[in-house]
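One structure below.
The values are calculated or read from the model by the stated rules, or taken from the named source; none is laboratory data. This structure is a prediction, so every number in the text was calculated from the model and none was measured. Because the Cβ atoms are built from the backbone with ideal geometry, glycine has one as well, and the counts that use them run over all protein chains shown.
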Amino acid sequence: MPGSIGAPLSPAAGLPVLSTFVIGLREGLEASLIVGIIAAFLASQERRDALRWVWIGVLAAAGVCAAVGITLHLVDQELPRQQQEGLETIIAVIAVAAVTWMIVWMKRHAPSLSRELKENTAAALATGSALGLIGMAFLAVLREGLETSVFLVAAFNASSDVAASALGAVLGLAVAVAIGFGIFKGGVRLNLTKFFKATGVLLAFVAAGLLSKALHTAHEAGWWNGLQHQALDLTGVIPDGTIRATLFTGLFGIDPQPTVGELGIWALYLVPVVAFVLAPTTSRTVARAAGEAAAAPATISNRARAGLVGGALVALLGTGALFASASGSSTGTGSKEVAITLSAAGCSPANLELAAGPTTFAVTNSGTADVTEFEVLDGSRILVEAENVAAGIERSVSVTLAPGTYETTCPGGTTAETGTLTVTGEAADTGAKSAEAKQAVADYRTFLEAQTVLLTKRVGTFTAAVKAGDVAGAKARYASAREPYERIEPVAEAFGDLDPKIDVRINDVANDDEFTGFHRIERELWQTGSTKGLGPIADQLLADVKDLEQRVRTIELEPAQIANGAVELLGEVSKSKITGEEDRYSHTDLVDFKANVEGAEEAYNVVSPILSSRDTALEQQIAPEFKAVYAALAPYARGDGFVSYTELTPADKRKLSAALNRLAEPLSEVPAKVVG
């Protein structure tokens, strides 16, 4: 779920507030109008004693609606990520259907609503039916409340700021109740036709945005893979992460970088609905609405009741299907999905007992900045890890677990930093033994060995220049020496004793004596312009990369781990290359950026034959995005390298980040597809 209820409002929070305010006001006012008109009529007939039956109906309906909203939220939280996306798709579609029906119904009935309600209330009083009054109030509030519950849950799912969205809904409902009370007291007069026309246009934009979002979540759920090419890119005018982007999304309900499908369904819904809302109400429409009211003794017709029941059945069946598909928390490939939550304490759960076989860890962050990694260690080797899991982000990593005991760790945790993973049963006979899987592992091992040989050669030349005191020569060789390492960084990181020595940054060590490897030499070359005292550092760096060259020859690999590596490499770019943190002294970050992407592409390429047999649409989506990232990098190339990272403007960095994100999203789905 995006956002956090406890998070502070963002500078652009007014837009989530506005959209849910309109929902709360519009939906709440319909119920308040009906109840207010009924209550005012009873007061005018000196039958205030009958008001208690109206309030009983109101409270009963409010309780049912609250239960529906809470249930939908709880179900959504308990499902694995892919099934969450499926449920959110169903909720959004039901919400759009409900609000569309409501717009049509209210356009037809707004001119005669007050008269219809008074006639129906008078009929209930004439027969002395308390149940009639309870039923009128109950059904009025139930209809609007169910629509509101589903619509708000869908809006919260689509919102980037849940706190702002919740505030908007509360404010909208509060204003609606106040207006209803004013109608009851006789102090408020409202032109319903104009009011519902204005709010109808706003709701049409909100609903169109939800429908566009539903197509996106349907793709995330694996239900829809068509029309995924980008339709347009407005980030040059509306940069990602800015108030302008939030304003655009909030007002128009569409992302600045929509796919063809998302933009198409948005327009196909919005244009006819807005045209319908703005069309003048004819006398024939009013007469037809009045005729229907005269023929039906209740505020909700039999057809409407059938619609409510049908909608509820669809929601129940959809939820049941999701639970059935999520049984055992498994993915589509037979991989178990295990939810891990990061908090200030560490991992939750820290201790696990799982059956052997394909496993996907879905790692989320509850809101801490101190704990952002989850690792499973087999001795000193990292078997699988999820890095850079910031608040509000989910990262999934997959692996085939063999029987045995492993250590789980969430570095930085206060009380649950480490735990034990016990894997029982027999080793699974999975795709890890298939011909395609064996070929993928063999191809990637060839790539690893070639890169480590190249790494040793280039580091040897680089460190020789350092030891010779050749500052200019060492500077010229620094970036190219790092390229092979950056291409295979996830594998290097699997050796927890080597990576911290080779690639540690100054902020990762407690004191300067522990600062070694590439970046220690980089600092001295660019900040002091001297190689004094760097001889031992250079010798150790060369020894460490030679050690790495030997270790990769025997490392155990499987397709899911290789695919995890591709995802991790893009995460590495997002975390340290885009920010300029990695090569902070030399500013050669774009060389590392490209090498990370090249490594991710090679890792993806070796597992793509497996993916092709399981999800052709996903495979076809990823290849063009790699090309798009290289195209985004091309303007900054200079000779064999790139411009200094300091020359990039914030707009340049946003463009690179946007291209990277478009690749990272589909690529993140690959490990779970190839694990079993």
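What tally of residues in segment 490-505 results from selecting those that are more than 14 Å from VAL552 (Cβ to Cβ) and not acidic (Asp, Glu)? Give the steps one after another, and end with the answer.
First pass over segment 490-505, keeping only residues more than 14 Å from VAL552 (Cβ to Cβ): 496-497, 500-501, 503-505.
Checking the rest, the ones that are also not acidic (Asp, Glu) come to 496, 500-501, 504-505.
Adding up the residues that qualify gives 5.
Please verify whether segment 642-649 includes one or more residues that are modelled with pLDDT of 90 or more, out of contact with any Lys or Arg (no Cβ under 6 Å at 6 or more places or on another chain) and crowded, with 22+ Cβ neighbours inside 10 Å.
Scanning segment 642-649, I find at least one residue that is modelled with pLDDT of 90 or more, out of contact with any Lys or Arg (no Cβ under 6 Å at 6 or more places or on another chain) and crowded, with 22+ Cβ neighbours inside 10 Å, so the answer is yes.
Filter the helices (runs of 4 or more DSSP H) completely within segment 435-536 down to those with at least 2 residues that are closer than 25 Å to GLY379 by Cα.
Details: elements: 435-467, 471-487, 489-494, 499-502, 517-523.
Filter on segment 435-536 gives 435-467, 471-487, 489-494, 499-502.
Out of the residues in segment 536-557 that are polar (S, T, N, Q) and without any contact (Cβ under 8 Å) to a residue 24 or more places away in the chain, state the one that is surrounded by the most Cβ atoms within 10 Å (Cβ to Cβ).
Residues of segment 536-557 that are polar (S, T, N, Q), as a first pass: 540, 550, 554.
If we keep only those that are without any contact (Cβ under 8 Å) to a residue 24 or more places away in the chain too, we end up with 550, 554.
Details: GLN550: 10, THR554: 7.
Ranking the candidates gives GLN550 first.
Given the conditions (1) in contact with a helix residue (DSSP H, G or I) (Cβ under 7 Å, 6 or more places away or on another chain); (2) part of a helix (DSSP H, G or I); (3) closer than 23 Å to GLU436 by Cβ, which single one is not true for LEU557?
(2)
Out of the residues in segment 657-676 meeting the condition of being assigned to a helix (DSSP H, G or I) and out of contact with any Leu (no Cβ under 7 Å at 6 or more places or on another chain), tell me which one is farthest from VAL591 (Cα to Cα). Reasoning before the result, please.
Initially, segment 657-676 is screened for residues assigned to a helix (DSSP H, G or I), giving 657-667, 670-674.
Right, trim to out of contact with any Leu (no Cβ under 7 Å at 6 or more places or on another chain) and you get 657-659, 661-662, 665, 671-672.
Numbers: SER657: 15, ALA658: 18, ALA659: 17, ASN661: 19, ARG662: 20, GLU665: 23, PRO671: 26, ALA672: 30 Å.
Out of the qualifying residues, it is ALA672.
Would you mind stating whether GLY533 is at positive phi and in contact (Cβ under 8 Å) with a residue 12 or more places away in the chain?
Numbers: at positive phi: yes; in contact (Cβ under 8 Å) with a residue 12 or more places away in the chain: no.
Answer is no for this residue.
Name the one entry in GLU385, GLU449 that is within 30 Å of ASN351 (Cβ to Cβ), among the acidic types (Asp, Glu) and either in the same structural domain as PHE642 (by TED's automatic domain parsing) or in contact with a Pro (Cβ under 9 Å, 6 or more places away or on another chain) (or both). Walk me through how you get there before you give the answer.
Working: GLU449 fails: within 30 Å of ASN351 (Cβ to Cβ).
On inspection, the qualifying residue turns out to be GLU385.
Within the set of pairs 6 or more residues apart or between chains, which connect a residue that is within 16 Å of ARG487 (Cα to Cα) and touching a residue at least 24 places away in the same chain (Cβ under 8 Å) inside segment 572-588 to a residue that is crowded, with 18+ Cβ neighbours inside 10 Å and among the small types (Gly, Ala, Ser) with Cβ atoms less than 8 Å apart?
Correct list of pairs: SER574/SER657; SER574/ALA664; GLU582/SER576; ASP583/ALA479; THR588/ALA479.
So that you can scan it fast, the table gives a plain yes or no per residue for (1) in contact with a His (Cβ under 9 Å, 6 or more places away or on another chain); (2) aliphatic (A, V, I, L, M):
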{"site": "GLN561", "(1), (2)": "no, no"}
{"site": "VAL567", "(1), (2)": "no, yes"}
{"site": "GLY571", "(1), (2)": "no, no"}
{"site": "LYS575", "(1), (2)": "no, no"}
{"site": "ASP583", "(1), (2)": "yes, no"}
{"site": "ASP589", "(1), (2)": "no, no"}
{"site": "LYS594", "(1), (2)": "no, no"}
{"site": "GLU598", "(1), (2)": "no, no"}
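If I ask for residues that are outside any helix (DSSP H, G or I) and among the acidic types (Asp, Glu), which ones from segment 597-631 would you list?
Correct list: ASP615 only.
Is it the case that GLU436 is surrounded by fewer than 19 Cβ atoms within 10 Å (Cβ to Cβ), within 30 Å of GLY357 (Cα to Cα) and either touching a residue at least 40 places away in the same chain (Cβ under 8 Å) or not assigned by TED's automatic domain parsing to the domain that holds LYS577 (or both)? First the steps, then the outcome.
Values: surrounded by fewer than 19 Cβ atoms within 10 Å (Cβ to Cβ): yes; within 30 Å of GLY357 (Cα to Cα): yes; either touching a residue at least 40 places away in the same chain (Cβ under 8 Å) or not assigned by TED's automatic domain parsing to the domain that holds LYS577 (or both): yes.
The answer is yes for GLU436.
Take segment 613-632 and flag every residue that is more than 17 Å from LYS655 (Cβ to Cβ) and without any contact (Cβ under 8 Å) to a residue 40 or more places away in the chain.
Listed by number, the residues that qualify are THR616, GLU619, GLN620, ALA623.
Write out, first by first residue and then by second, each pair whose Cβ atoms fall under 7 Å of each other, whose residues are 6+ apart or on separate chains, and whose first residue, in segment 393-415, is farther than 26 Å from VAL509 by Cα and modelled with pLDDT under 90 while the second is among the charged types (D, E, K, R) and part of a strand (DSSP E or B).
VAL397/GLU385
Out of the residues in segment 356-394 that are touching a Lys or Arg at 6+ places or on another chain (Cβ under 7 Å) and surrounded by fewer than 20 Cβ atoms within 10 Å (Cβ to Cβ), state the one that is farthest from GLU407 (Cα to Cα).
GLU394
Can you pull out every residue in segment 508-535 that is aliphatic (A, V, I, L, M) and surrounded by 14 or more Cβ atoms within 10 Å (Cβ to Cβ)? Explain how you work it out, then say what you get.
From segment 508-535, those aliphatic (A, V, I, L, M) are 509-510, 521, 525, 534; that's our starting set.
VAL509, ILE521, LEU525, LEU534 - these are the residues of segment 508-535 that are aliphatic (A, V, I, L, M) and surrounded by 14 or more Cβ atoms within 10 Å (Cβ to Cβ).
Residue by residue through segment 465-506, note down the ones that are without any contact (Cβ under 8 Å) to a residue 60 or more places away in the chain and under 23 Å from ALA450 (Cβ atoms).
ARG477, ALA481, ALA492, LEU498, ASP499, LYS501, ILE502, ASP503
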